[in-house]
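The values are calculated or read from the model by the stated rules, or taken from the named source; none is laboratory data. Treat the numbers as computed from the prediction; the structure is a model and nothing was measured. Glycine also receives a Cβ, built like all others from the backbone with ideal geometry; neighbour counts cover every protein chain displayed. Accessible surface is based on the protein model in full, side chains and every heavy atom, while ligands, DNA and RNA are left aside. Shrake-Rupley method; radii C 1.70, N 1.55, O 1.52, S 1.80 Å.
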Amino acid sequence: MRRMAFGCLLLLAALSGCSSRFVDFAPDEEAVYAQPVEEVWPQVRAWFASNGFTVRDTEGVASLETEWREEFVGSRIAGYWHRYLVVAQPEGPRGCKVVITRQTRSANTALKAPGSQIVWSVDGRTQDNPTGFGSEAALTESLRQAGGDAAVQGQSQQTARDLVMEWKLFRKLSPVLAQNARKSSDTPEVKVTREADIECGVPILGLGKVVRPGNVVLMGELHGTQQVPHFVSQGTCQALLQGIPVTVGLEVPVENQERLRTFLSSAGRPEDWAKLMESSFWRSPYPDGRNSEAVVWLIESLRKLRGQGLDVEVFAFDHPALDGEAREEAMAKTVLEMAGGASKRAVLVLSGNLHPRQVKGLPWSADYRPMGLRVAERLPRVFSLDIAYKSGTAWICAVDGQQKLDCGVKPAKGQDNGERYFVHLFDGRNGQGYHGIFYVGTVSASLPAVYQGVEPAGDAQASTPPSQPAR
């Protein structure tokens, strides 16, 4: 079977080398049909039409383009469209392959920060959007298309080949096309639990190596970006589609646990938002990025996933009343309470990047024992990942020259490894106590969800501080 260079992108080759096969959610092989294009193409077109996509054919060639379809209609983070470009190509003397390119656009004005290239949400063909054909807004945008070029407006966009969709299609069509269907051992380890009614974005490379049942993944982040919460949202969705239940831990005071649990099971009505956001955590006079708009969008995306029948939970684990190692121990205890008996779940824990370290010592204290070390001493499969990113901006709190806490949009310096999300594991644990990195591309600041405590988060008109140049 033909191998793809896709699994060994240049940006990763320098880090990890290239193996012919790896266990991951994103396959590294093309799906090749044993039948010619003329036999495969009618089945391809019928599959897309039967799964709720409105298709436009290209005359004279085996290609189609689906119309833009809006997802998460009615959500406070709505304004997300996606479509597919599908082309069948000959492969060998008689076979063929079907190449699928996925395009996404978002009109969410909350993503207007320069450098934002992310698309929030997953699919919404549930109670919010039972027909699958989008809302009136989506129809209006589709009517604005001219000459085959998309006129969907927005601040976010992403285009990439979707090998997961290609294999999903292959597994559905190959039994229909031939009696001697391929054995499952001949295909990559990609499990799909739902049809085309869930949209999780472009697959995150390497995610499936660590997000597995029974694993605890401690993710050390840079607070105050749009991209990190989006990475967690998208990664959670992709794990859920593999049939893996997911529990997400947030560095939010534990006093908010019941609010989070209640909101996750709610319908997302204004009164549900009010109950979530009335906590003093969202109205801190010194918002440090943990209570940003992007964190709220993450919580909302988890609510939407749960509303589609997927097994996702969320918990708060911070103990801000404590300091130093007392806080680390309390945080570790809360994580252990949630993860200790979760042998069939993947647990993703998001915190500042000092807490997940699995070695003793910090620059200011040689005997300091971070949360990650404490958790790893008591559970067998704990992975710590440090953030990696391309330079951009973040909402950061720092002490200024007058020894006062200064919070705002500030530069964040990183290293350019492209824009696609990925996970890279080291050969063992490094000196800082990490097993690898998670990369989120260019970072852009996410403002506080509630500024000066005047309006609920999720509202496009939420108050924000006067714009100031980044420092």
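From Ala412, Ala394, Ala388, which residue is of a type in the set (Gly, Ala, Ser), surrounded by fewer than 21 Cβ atoms within 10 Å (Cβ to Cβ) and within 17 Å of His223 (Cβ to Cβ)? Before you say what the answer is, go through the steps one by one.
Working: Ala412 fails: surrounded by fewer than 21 Cβ atoms within 10 Å (Cβ to Cβ); Ala394 fails: surrounded by fewer than 21 Cβ atoms within 10 Å (Cβ to Cβ).
Going through Ala412, Ala394, Ala388 in turn, the sole match is Ala388.
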Would the range 248-265 turn up any residue that is buried (at least 17 other Cβ atoms within 10 Å of the Cβ) and within 21 Å of Ala412 (Cβ to Cβ)? yes
Only one of (1) hydrophobic (A, V, I, L, M, F, W, C); (2) open to solvent by less than 50 Å² (accessible area, probe 1.4 Å); (3) at pLDDT below 95 fails for Met371. Which number is that? (3)
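Could you list all residues from the range 243-286 that are closer than 30 Å to Lys404 by Cβ and either touching a Cys at 6+ places or on another chain (Cβ under 6 Å) or of a type in the set (S, T, N, Q) (or both)?
Filtering the range 243-286 down to residues closer than 30 Å to Lys404 by Cβ leaves 250-256, 277-286.
Answer for the range 243-286, where residues must be closer than 30 Å to Lys404 by Cβ and either touching a Cys at 6+ places or on another chain (Cβ under 6 Å) or of a type in the set (S, T, N, Q) (or both): Asn256, Ser279, Ser280, Ser284, Tyr286.
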Matching residues in the range 358-386 (farther than 19 Å from Ala346 by Cα and not in a loop (DSSP other than H, G, I, E, B)) number 2
Matching option when the condition is assigned to a loop (DSSP other than H, G, I, E, B) and either under 28 Å from Val86 (Cβ atoms) or at pLDDT below 90 (or both), among Pro213, Pro188, Pro175: Pro188
Please work out which residue is farthest from Leu85 (Cα to Cα), limiting yourself to the range 53-66 and to residues that are in contact with a Gly (Cβ under 9 Å, 6 or more places away or on another chain) and surrounded by 17 or more Cβ atoms within 10 Å (Cβ to Cβ). Phe53
Within the range 275-319, how many residues turn out to be more than 21 Å from the chain's Cα centre (by Cα) and either part of a helix (DSSP H, G or I) or surrounded by fewer than 21 Cβ atoms within 10 Å (Cβ to Cβ) (or both)? 14
Which listed residue, of Gln127, Gln43, Gln89, is surrounded by fewer than 15 Cβ atoms within 10 Å (Cβ to Cβ), modelled with pLDDT of 50 or more and among the polar types (S, T, N, Q): Gln89
Failed item in (1) buried (at least 24 other Cβ atoms within 10 Å of the Cβ); (2) within 28 Å of Leu379 (Cβ to Cβ), with Gln226 passing the rest: (2)
